[in-house]
1. Taking a point 7 angstrom from the Cα of residue 88 along the C-beta vector, which residues in region 46-69 have backbone N less than 17 Å away?
2. Taking only C-alpha pairs under 8 Å that are 6+ residues apart, what is the relative contact order of region 4-120 in percent?
3. Build a GNM of the chain with springs between Cα atoms under 10 Å: which of 104, 11, 34 gets the top mean-square fluctuation?
4. Here are a few candidate values for Cα extents along the principal axes in Å: (i) 56, 28, 16; (ii) 43, 32, 31; (iii) 92, 23, 17. Which one was actually calculated from the structure I just gave you?
5. Pick from 18, 87, 50: which is most flexible by mean-square fluctuation in a GNM of the chain where alpha carbon atoms under 10 Å apart are linked?
6. Most mobile of 70, 53, 15 per a Gaussian network model of the chain (Cα springs, under 10 Å)?
7. Can you give me the Cα centroid spacing of region 36-53 and region 1-24 in angstrom?
């Protein structure tokens with residue numbers, strides 16, 4: 001899509017007089033696309049003696065909007081022993097932030113939240 005359109009407008013009176021001018025119409029992208037997270041790789045189990053920084057999952061995130069509406073931020077709950085690391089432009093890794101203790105917690109449910117800069 002073009003970011004703007006150029007129109008030529010001509011006005012005429014009842015006689016022979018006329019005037020032509022150009023009008024530029026700028027298109028502004030609305031926030032009509034939600035961010036999409038794709039899990040490209042995931043480990044179903046992790047050893048409790050895995051060191052901090054162990055990669056648990058690889059994610060790709062996209063938002064088809066332009067400008068701030070297409071800028072995506074990912075987040076995890078602070079209470080989980082995991083963190084997000086950006087590896088490439090639209091790719092993130094979910095990694096362990098500390099050693100895991102199976103006797104304390106045997107299983108985690110990890111939710112990754114994606115928000116964009118658009119409104120609403």
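1. 57-63
2. Working: 210 pairs, mean separation 30.0, N = 117.
That works out to 26 percent.
3. Judging by the Gaussian network model, the answer is 11.
4. (iii)
5. Result for the chain, Cα springs under 10 Å: 18 fluctuates most.
6. Result: 15 has the largest fluctuation of those listed.
7. Each part's Cα centre sits 59 Å from the other's.
Since every read-out is calculated from the coordinates, none of them should be taken as a lab result. Values in this document were obtained by computation on a predicted structure and should not be read as measured data. Cβ coordinates were reconstructed from backbone atoms using ideal geometry, including for glycine residues, and neighbour counts include every protein chain displayed.
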